[in-house]
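The values are calculated or read from the model by the stated rules, or taken from the named source; none is laboratory data. Note that the coordinates shown come from a computational prediction; the quantities given were computed from them, not determined experimentally. Every residue, glycine among them, receives a Cβ derived from its backbone with ideal geometry; neighbour counts consider all protein chains shown. For accessibility, only protein heavy atoms count, side chains too; no ligands or nucleic acids. Shrake-Rupley method; radii C 1.70, N 1.55, O 1.52, S 1.80 Å.
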Amino acid sequence: MRNQKKNFTRLFLTTVFFVFVSCASVPVREKARVTKTPHRMFWRIDGTDLKGRNTTVYIQGTIHIGDDRLLPLDEEVIAAFDSSDRIVAECSSRDYNRMGFYSLRLVRPNEDGKVVTDYLNDAEIIELNEYIGGEPGYENLIRMNPLVLESYLTVKVASEFGLDSEAGLDMFFYDRARKNGKSVEGLDELKDQLKLLSFGDYEFQIAVLKYFLTGLSEGESEQFVDMYEAYLDDNLEVFLEEAEKESEEEIIDSPYYEQYEKAMMLDRNTDWVKDIKKYIDAGGTTFIFTGAAHWLGEESVFELLKADGVIEK
């Protein structure tokens with residue numbers, strides 16, 4: 001243990017005291033309970049902290065794009081946010097405020113001077129140029145790492161359907177926390193999230209980009225709309241189905257693919273379980289807002305919390 005006592009006498013007395021107290025009364029903590037509320041992608045976890053007091057963790061699943069149909073949120077959700085003792089998101093408010101600085105480093109040309117169009121066929125280049133051809137920064141865009149370019153294209157495609165990353169719920173909550181004078185804790189470090197945009201080797205990243213462009217040429221861009229509409233309707237089943245479409249089989253022939261998928265979701269979800277246990281133990285109320293996909297499916301945070309014995313199955 002981290003805080004082991006070096007003084008043997010003190011350790012002995014402490015141990016004896018603990019044993020007698022434990023024998024006299026051993027409070028058994030019941031597992032916490034998770035409840036899906038009637039509100040869109042909004043759950044609550046109710047349990048007890050280390051002192052036996054009631055504690056609640058609110059979970060607001062978000063989507064990182066949006067339009068004017070996302071707001072206003074239900075008054076119960078807003079009240080939970082405003083009254084919570086701690087606010088938590090994927091990135092802390094400090095990291096959120098530094099995104100611009102990190103973004104400048106991301107959009108630099110890749111270190112090897114490679115150009116993505118040198119690795120695409122004619123059809124893929126045509127599809128790419130449908131979205132970024134003629135843009136003033138075109139020459140810089142095609143020199144970025146392919147995963148960074150894919151993320152940029154995702155935003156461009158969403159905008160074709162009137163969906164804006166600036167209108168996502170995450171932006172709303174960060175802004176409200178700032179206006180309320182509250183800081184936001186982070187489940188991830190921003191630098192670790194950004195590492196995912198340089199994951200694997202260039203060949204793997206090109207394979208991801210080519211798959212994305214092929215999907216666009218085959219009309220799969222409508223997946224953005226289907227997922228968004230399912231989110232608005234609070235249709236968990238359809239939302240999960242759309243979110244998992246690309247994970248149903250190995251779509252990219254690369255040793256990095258399975259590692260990439262795991263790093264994107266399961267590894268992060270597993271780390272978040274540790275944080276949520278900490279929030280339950282600490283007591284009070286916690287409001288967490290993160291991408292809704294992290295809370296749905298077999299490897300979701302909720303399922304991992306059940307497997308860990310934190311919440312009821």
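Expressed to the nearest 5 percent, the antiparallel share of DSSP beta bridges inside the chain is 45 percent.
For the range 159-173, 3J(HN,Hα) computed residue by residue from phi via the Karplus equation (6.51, -1.76, 1.60; θ = phi - 60°) reads 5, 4, 9, x, 9, 10, 5, 6, 9, x, 5, 4, 4, 4, 6 Hz, glycine and proline entered as x. Scalar couplings 3J(HN,Hα) for the range 290-304, obtained by applying the Karplus form with A = 6.51, B = -1.76, C = 1.60 to θ = phi - 60°, are 8, x, 4, 4, 5, 10, 10, x, 5, 10, 6, 4, 4, 5, 5 Hz; x denotes Gly and Pro. Accessible area per residue for the chain, computed on protein heavy atoms with a 1.4 Å probe, is 57 Å². Mean-square fluctuations from a GNM of the chain, with a 10 angstrom spring cutoff on Cα atoms, peak among Asp112, Asp82, Asp170 at Asp112. By accessible area, using a 1.4 Å probe on protein heavy atoms only, the chain has 51% of its surface on carbon and sulfur. Packing here is the average count of other Cβ atoms within 10 Å per residue, and on that basis the peptides 155-167, 279-291, highest first, run 279-291, 155-167. Exceeding 32 Å between C-alpha atoms, which entries from my cross-link table qualify? They are Lys210/Lys262; Lys114/Lys274; Lys156/Lys277; Lys195/Lys277. Cα-Cα > 32 Å for Lys114/Lys274; Lys156/Lys277; rest within. GNM remark for the chain: springs join alpha carbons under 10 Å apart, and the peak mean-square fluctuation among Val301, Val225, Val88 falls on Val225. Spin-label model, Arg108 to Asp234: label points 7 Å out along the Cα-to-beta-carbon direction sit 4.7 nm apart. Amide H contacts of Ile252 (H built 1.01 Å from N, in plane; Pro and chain starts excluded): no residue 5 or more places away or on another chain comes under 5 Å. Mean separation of Cα pairs under 8 Å and 6 or more residues apart, divided by the residue count, gives the chain a relative contact order of 31 percent.
Each label was represented as a point 7 Å from its Cα along the Cα-to-Cβ direction; for Lys306 and Arg176 these points are 2.8 nm apart. Over the chain, the reciprocal of the mean inverse Cα-Cα separation, the Kirkwood hydrodynamic radius, stands at 22.0 Å. Going toward the positive end of the dipole of the chain, with +1 on Lys and Arg Cβ and -1 on Asp and Glu Cβ, which of Leu209, Phe287, Gly133 do you reach last? Farthest towards the positive pole: Phe287.
If the Kirkwood radius is taken over C-alpha pairs of the range 164-280, then at 25 °C and 0.890 mPa s the Stokes-Einstein diffusion coefficient equals 144 µm²/s. Annotation for Glu139 and Ser198: the two label points, set 7 Å from Cα along the Cα-Cβ direction, are 2.4 nm apart. The charge dipole of the range 127-235, taken about its Cα centre with unit charges on the Cβ atoms of Lys, Arg (+1), Asp and Glu (-1) only, comes to about 620 debye. Here's how it looks for Gly66: its modeled amide H is under 5 Å from those of Asp164, Ser165, Ala167, Gly168, which are all 5 or more places away or on a different chain. The GNM of the chain, with springs linking C-alpha atoms under 10 angstrom apart, assigns the highest mean-square fluctuation among Phe199, Phe101, Phe224 to Phe101. With θ taken as phi - 60° and the Karplus curve 6.51 cos²θ - 1.76 cosθ + 1.60 applied, the whole-hertz 3J(HN,Hα) list for the range 109-118 is x, 4, 4, 8, x, 7, 10, 4, 5, 6 Hz, x standing for glycine and proline. Using 0.36 nm per residue and subtracting the Cα-Cα separation, the extra length available between Asn129 and Arg94 on full extension is 9.0 nm.
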